[in-house]
Amino acid sequence: MRGITRKLHHWKSGSLILSIALTGTAWADKQKTLAATPLLPVVPVPVLPLPDKAALVKGALYHPDWNLFNAGNNGASGFGVVNGYGQARWAEDWSALKRAQHAVQNNDWFNRLKYVRLNQSGSIWMSFSGEERLRYIFENQPMLGQAGKTNASRVLLRNQYGADLHLGEHVRAYAEFLYGVAGGSNTYGYQTGAQRESLDLQQGILEVKGNLLGAQMGVIGGRQIFLDAPVSMQSPRDLTNVQQTWDGFRGYAIWKRFRVDIFDFMQTNKLPQKVFADGTNYNARLYGAYTSTALPSFQFMGQKSQMFTDVFFLGYLYGGAAASIPTVNTGSLQKGSSRRDNVGLRLWGNIGPFSTNLTGIFQGGEFRPAKADQHTRAVRAYAINGSITYSRPDWAGKPGFGLQGDLFSGGSARNQDGAVGTFATPFVPLPYYNDLSLSLTSQNLIGVGPIANFTILPTLHLKVHVPFFWRASTQDAVYGGNSKIYNWRNTLHGGFTGTMPYTQLSWNFAPHWAWTHDIEGILLSRGMRDVGAKEGALYMQTLEFKF
């Protein structure tokens, strides 16, 4: 620990322990939601023009009105964050422009593309969306020096365009197309289909919806991103050029204080990299149900408070490298397939100025070895994740200060007969949640550290996260992103892994434009350095245009 402290002292403190998160737009900053969601996914969202009140639908900001589930910038609805523009572009709803004053309709040239009337009554209309994103990533020791490359410079360009067709109030279709280019020097990981993508259908859905039994109900079928899960378990994989999408369906029903989402998906296969060649990967399945209940609101410290209780089941079926587990021999892996049954409870929302988030997950299931002469093993793993943030919007910089803690269980590679105790997150937890560099992932991991965020200007946002990491079980391996299991285990002494202070600064310097800088330092324990792990740093710069 003293070694880590000395390293922190010698590094420029401003470049290592500050971090920035874009949490809204200039106009959304002026709005009040019922509850602030802690650690919402970081989504660079360009600033939109301030709409006239006549352009809003019962307080909804360019998304359907989900009543209490508008909380957390629409994140409580299960369709992802919508701050003007959404993580899922089909979660936006620009029909408010139909009733807006002409001044509002014309104050942004791109408004003419957000609501295009196709019949006289306006019941049939179309909305267009687009994104151009240029990203540069530099890593001097990627994957703790185990990627086979040093001083890797990666340049990623994403071209993504969509069209949303509304056929009356009950039917709509959305299609989104993607073309991804990747280059650079000393690159790695470009053969996976997550960075380079020929022109292909990224998302394509058909939704049928309406009001039934007092709820807003709908069924969405087709290829889509899925966001109705804790960010510690799954994300849309937005760090890469190509987001993770799923082929299947989901059905939802949202009442005033209760909602339910039922889903069954197969992962989209991004290989081979040919024009319109994406198929379905039948070796990776995600299915289950998610429910959320809005508890009665109350007052605390003079502020309206709203808490939500979520109960969910997420089922994973997967094989390949992600399902492999360590064996007794260091560096050796046992191949197979796995079924993971995740039963979870989440309590989150705001208590006065405090944003809270507490999630507990039990993971059962089984691991089935690839070799027929090896017996199937049960899975008994768990995860506990929590954070609390104190916000003062009346102070300069509108700061929020808090603490985040995580525990993802580990097992024992020496025990090859009992239950597998290592928690698994095969479908990409949010990189911004713990480790942007993907050097570590949410397996056999304990993490705790302070978080802070600031709104320096309405268009300039800052976030700080300084997590310290340990192995949850010293009898288990160290796990990295992209299904990486490091060879160190028996020669690695002690549980402390290191600290990875992270900084992000995001500036919406013009309407539709966002410029983001991410910096992460990777400072390791003596035990990690002794077995050959390399310290380093990551710098990522992103220039994004959206409409």
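The values are calculated or read from the model by the stated rules, or taken from the named source; none is laboratory data. This structure is a prediction, so every number in the text was calculated from the model and none was measured. Glycine also receives a Cβ, built like all others from the backbone with ideal geometry; neighbour counts cover every protein chain displayed. For the accessible areas, the whole protein counts, side chains as well, though only heavy atoms, and no ligand, DNA or RNA atoms are used. Shrake-Rupley method; radii C 1.70, N 1.55, O 1.52, S 1.80 Å.
So the values come out like this:
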read-out	value
Distance in nm between pseudo-label sites at LEU134 and GLN374 (7 Å out along the Cβ direction from Cα)	4.8
Computed P(r) (all Cα pairs; the range 130-238; 10 Å bins; percent)	12, 30, 30, 16, 9, 3
Karplus (6.51, -1.76, 1.60) ³J(HN,Hα), θ = phi - 60°, over the range 253-267, in Hz, Gly and Pro reported as x	9, 10, 8, 5, 10, 8, 9, 9, 9, 10, 8, 8, 9, 10, 5
Length released on extending from THR491 to LEU157, taking residue separation times 0.36 nm less the Cα-Cα span	116.1 nm
Whole-percent pair-distance distribution, where bins are 5 Å wide, for the alpha carbons of the range 296-369	4, 14, 15, 13, 11, 10, 9, 8, 7, 6, 4, 1
The range 303-456 - percent of accessible surface contributed by carbon and sulfur, probe 1.4 Å	61
Backbone N within the range 164-183 under 13 Å of label point (7 Å from SER123 Cα along the Cβ vector)	167-171
Interchain or long-range residues, amide H under 5 Å from ILE351's placed H	THR356
Backbone N under 15 Å from the LEU333 label point (7 Å along Cα→Cβ), restricted to the range 186-209	189, 192
Radius of gyration and Dmax over the Cα atoms of the range 333-400, both given in Å	20.3, 65
For the range 59-163: rounded, prolate or oblate by the Cα gyration tensor [a/c cutoff 1.5]	prolate
Derived scalar couplings ³J(HN,Hα) [the range 433-450; Karplus, 6.51 cos²θ - 1.76 cosθ + 1.60; whole Hz; x for Gly, Pro]	5, 10, 9, 5, 6, 6, 5, 10, 9, 7, 9, 6, 9, 10, x, 8, x, x
By average C-beta atoms within 10 angstrom, highest first, the peptides 494-502, 208-216	494-502, 208-216
Packing rank of 77-88, 113-124, where each peptide gets the mean count of other beta carbons within 10 Å, highest leading	77-88, 113-124
Rg/Rg_ref, the chain, where Rg_ref = 2.2 N^0.38 Å and atoms are Cα	0.95
Distance between modelled label sites at LEU345 and ASN211, nm, 7 Å Cα→Cβ extension	3.5
Estimated vicinal HN-Hα couplings, Hz - the range 82-91 in sequence order (Karplus 6.51, -1.76, 1.60; Gly, Pro = x)	10, 10, x, 9, x, 4, 9, 5, 6, 7
Cut-off 14 Å (backbone N to label point 7 Å along Cα→Cβ of TYR287), residues of the range 248-276	248-251, 262-267
Greater than 27 Å apart at Cα, pairs in LYS371/LYS484; LYS304/LYS463; LYS114/LYS398; LYS463/LYS546; LYS209/LYS304	LYS114/LYS398; LYS209/LYS304
Net lengthening on full extension, ARG112/LEU201 (0.36 nm per residue, minus Cα-Cα)	29.6 nm
